[in-house]
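Colleague: Please see the structure below; I have some questions.
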Amino acid sequence: MEYIYATLMLDALDKEVTEENLKRIIEAAGGTPDEIQIKQLMAALEGVDIKEAMKTAAVPVAAAPAAAAPEKKEAKKEEKEEEAKEEEALEGLGALFG
């Protein structure tokens, strides 16, 4: 995640997002840069306009937490129902073996 933050910081400061600049930011924050992660990030960002991506991603990301809350409750209910069914099935098996 720190590599994404470093990328956003460079972009916000109108600095070029390069491997060397990412390394410098990670080191300045007290971290140890991971060459592989930096290379993967650079490959993923190839041809991406970060400012444009932020504009298009800002609305769905902001709306996601509000929409996720009811889904979590439903998932928990389903999980409890599944556990209850499993317990019933195990009780049935216990009756078979006495």
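Colleague: Give me a count of the residues in the range 28-50 that are loosely packed, with under 10 Cβ neighbours inside 10 Å and farther than 18 Å from GLU16 by Cβ.
Modeller: Adding up the residues that qualify gives 4.
Rundown of residues vs (1) surrounded by 10 or more Cβ atoms within 10 Å (Cβ to Cβ); (2) assigned to a helix (DSSP H, G or I); (3) among the charged types (D, E, K, R); (4) at pLDDT below 85, yes/no style:
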site	(1), (2), (3), (4)
LEU8	yes, yes, no, no
GLU16	no, no, yes, no
LYS23	yes, yes, yes, no
GLU52	no, yes, yes, yes
PRO60	no, yes, no, yes
PRO65	no, yes, no, yes
LYS72	no, yes, yes, yes
ALA75	yes, yes, no, yes
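The values are calculated or read from the model by the stated rules, or taken from the named source; none is laboratory data. Keep in mind that what you see is a predicted model, and the values were worked out from it rather than measured. Glycine gets a Cβ as well: all are built from the backbone with ideal geometry, and neighbour counts include every protein chain shown.
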